[in-house]
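Novice: The structure is given below, and queries will be raised subsequently.
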Amino acid sequence: MAQDSIETAAMNEGDLRSIMERYGEDVWNYLYIMTRKHELADDLTQETFIRAHRHLGSYRGEASMKTWLLRIARNRWYSYRRLAFVRKVTLPGHLPEPQSWESAEETFLNDELASEVWRIVMRLPLKYREILMLRAHYELSMEELAHALNISLSAAKTRLQRARRQAAELWEKEREGRG
Amino acid sequence: MRKDSDWEKELKQKPFRRSSFTPQMMRQVEQELEKRRPSRTSLWGRAAGITALGLMLIAGGAALERSEWLNGLGLGSAPFAKAPLDVEQSGEAGTSPAPQKPEVAFPLKNENGETAGSVSIPLSVVEAKLAIGQPENDSIPDVPQMTFALTANEAQSLQAVLMHRPDDGTGYVLLVPRAWKVQQSWIGATGSVGVDFVNPDKPGDPTMQDPGSPGERLLYRETFSGGDVAARIGTYFPDHKAWAEEQGYGVLSYAGVQFRSLYVNEGDETGFSRYDWTQQGKGTVVSGAAYYSQKSNNYTFRKLEMSLEGTAYTQTADVILRFFEANEGAQKVEASKPKPMNSISNSQTEEMNP
């Protein structure tokens with residue numbers, strides 16, 4: 001995109017700020033859809049821009065800035081998941097989290113989700129949520145999808161098809177329940 | 001394959017009504033990047049330190065003393081520190097005396113609160129693991145002169161722990177029950193700080209699958225993430241709950257929490273609270289303290305919490321939390337200035353070399 005080429009110049013403070021203003025919401029939304037945790041999305045979003053600032057030299061402009069940032073965000077999320085598994089199995093925790101943590105997220109979703117369709121998406125398994133969001137909301141091409149998810153083009157098509165089917169089933173059930 | 005259906009077209013719209021990526025969060029990113037920018041001085045100091053370290057390793061220096069002190073740390077290549085910190089004192093009678101453990105002196109006060117002289121308690125050093133980034137400063141900072149006074153009785157139950165940050169060389173001093181051991185310490189991706197200690201006699205359920213058996217623990221947290229800070233202000237300062245919820249952040253409610261010593265400064269820029277969380281039939285199970293700052297150059301939330309079984313550590317917890325109050329968190333220690341090659345001490349630079 002022509003606008004994105006502006007951002008390939010050396011990223012100084014002002015550029016970073018303008019990139020965060022332009023794409024911060026997109027990155028956060030993506031990470032929230034993936035993590036379903038408000039504070040984790042906060043942390044990972046900030047981490048994404050910190051890392052983007054450091055690695056701007058490797059951004060060649062083959063993908064749009066948004067796609068590039070989403071790819072970094074995705075890597076951050078999956079890195080966190082791997083370390084979270086290690087923490088959980090090797091280290092004792094501290095105080096048990098009260099149930100109100102979950103209800104806080106429910107409150108956020110109830111108040112902030114813009115439509116029922118997004119509520120359906122939030123109920124899908126992680127890999128289906130992700131591919132639907134990247135395709136339907138961020139409008140990645142199939143080739144960009146495959147590259148972002150690190151899978152083959154045919155695997156991306158199959159996964160998208162299954163995600164659509166499951167979402168459509170949930171949507172129909174939702175409509176029948178209301179009807 | 002079906003083309004976009006009607007429901008899928010709705011996904012082109014934004015998922016949430018408001019943006020949650022706030023200007024405060026952007027500021028946090030900028031501040032974190034500023035913090036990580038290496039200065040010329042630190043780069044030269046690091047080069048000097050690495051060269052001196054190499055020379056001392058070849059010479060053999062004080063390696064025996066270093067290995068004695070590091071024996072209990074067992075910091076390996078795992079993501080987080082996992083081995084307990086052994087602060088057991090002196091060797092057996094008739095053997096060579098054990099190497100002197102470091103200590104830190106505090107003003108000594110009597111039961112009337114009058115100070116005269118000093119009392120020393122053991123000092124241990126823990127190196128925080130970095131979630132991202134590389135160590136930039138391996139010099140252990142010097143612990144400053146303490147001004148928080150202890151009685152002799154209080155001193156007997158305590159140890160001081162210096163958590164060293166290898167990213168910028170600074171540190172945090174906490175008071176911890178003397179027998180307790182470190183479980184993990186870290187610096188998070190956005191600069192958040194965490195360190196956990198456990199009573200080895202009451203570790204509880206290590207898998208944390210049983211919420212009824214948390215054991216006896218001390219945890220310290222600092223966070224700078226905008227949403228995190230706001231949510232915790234709303235949780236630990238009940239008068240700010242409505243404000244936090246208006247910002248869109250989930251506020252927790254703990255049944256049975258009693259807040260005391262709750263105060264904020266004029267303008268609500270900073271605040272401090274002590275709290276005790278009791279559970280039916282168990283008495284006080286958590287004692288904690290929280291501090292926040294909403295100043296533009298210091299936007300942070302800090303918490304120290306001790307989960308307890310019984311009353312054995314009640315008095316010790318009170319001292320630890322008063323130290324937190326006096327310092328508005330852990331006592332921050334400035335990084336040591338890089339020293340010339342020929343004056344770097346063995347005891348400092350070698351100990352944290354993995």
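Novice: Here are B:186, B:180: which of them is over 12 Å from the mean Cα position of the chain (by Cα) and under 24 Å from residue B:286 (Cβ atoms)?
Specialist: B:180
Novice: Sticking with this one: May I ask you to say which residue of A:86, A:117 is within 7 Å of another protein chain (Cβ to nearest Cβ) and modelled with pLDDT under 80?
Specialist: The unique qualifying residue is A:86.
Novice: Which of the residues spanning the range A:141-152 are surrounded by 12 or more Cβ atoms within 10 Å (Cβ to Cβ) and assigned to a helix (DSSP H, G or I)?
Specialist: A:142, A:144, A:145, A:146, A:147, A:148, A:149 - these are the residues of the range A:141-152 that are surrounded by 12 or more Cβ atoms within 10 Å (Cβ to Cβ) and assigned to a helix (DSSP H, G or I).
Novice: Pairs under 7 Å by beta carbon, first residue facing another protein chain (nearest Cβ under 7 Å) in the range B:17-38, partner in a loop (DSSP other than H, G, I, E, B) and of a type in the set (Phe, Trp, Tyr), six or more apart or different chains?
Specialist: Note: pairs meeting the criteria are B:28/B:224.
Novice: Testing residue B:350 on (1) over 17 Å from residue B:257 (Cα atoms); (2) at pLDDT 85 or above, one condition comes back false. Which one is that?
Specialist: Result: residue B:350 fails condition (2) only.
Novice: Just a yes or no: is a residue in the range B:253-270 at pLDDT 85 or above and surrounded by fewer than 21 Cβ atoms within 10 Å (Cβ to Cβ)?
Specialist: Yes, that holds for at least one residue.
Novice: Right, next: Residues in the range A:145-179 that are at pLDDT below 85 and touching a Ser or Thr at 6+ places or on another chain (Cβ under 7 Å): how many?
Specialist: 1
Novice: Do we have any residue at all in the range B:240-247 that's outside any loop (DSSP other than H, G, I, E, B), modelled with pLDDT of 70 or more and surrounded by fewer than 15 Cβ atoms within 10 Å (Cβ to Cβ)?
Specialist: There is at least one residue in the range B:240-247 that is outside any loop (DSSP other than H, G, I, E, B), modelled with pLDDT of 70 or more and surrounded by fewer than 15 Cβ atoms within 10 Å (Cβ to Cβ).
The values are calculated or read from the model by the stated rules, or taken from the named source; none is laboratory data. These numbers come from a predicted model, not from an experiment. Don't worry about glycine lacking a Cβ; one is built from the backbone with ideal geometry, like all the others, and counts go over all protein chains shown.
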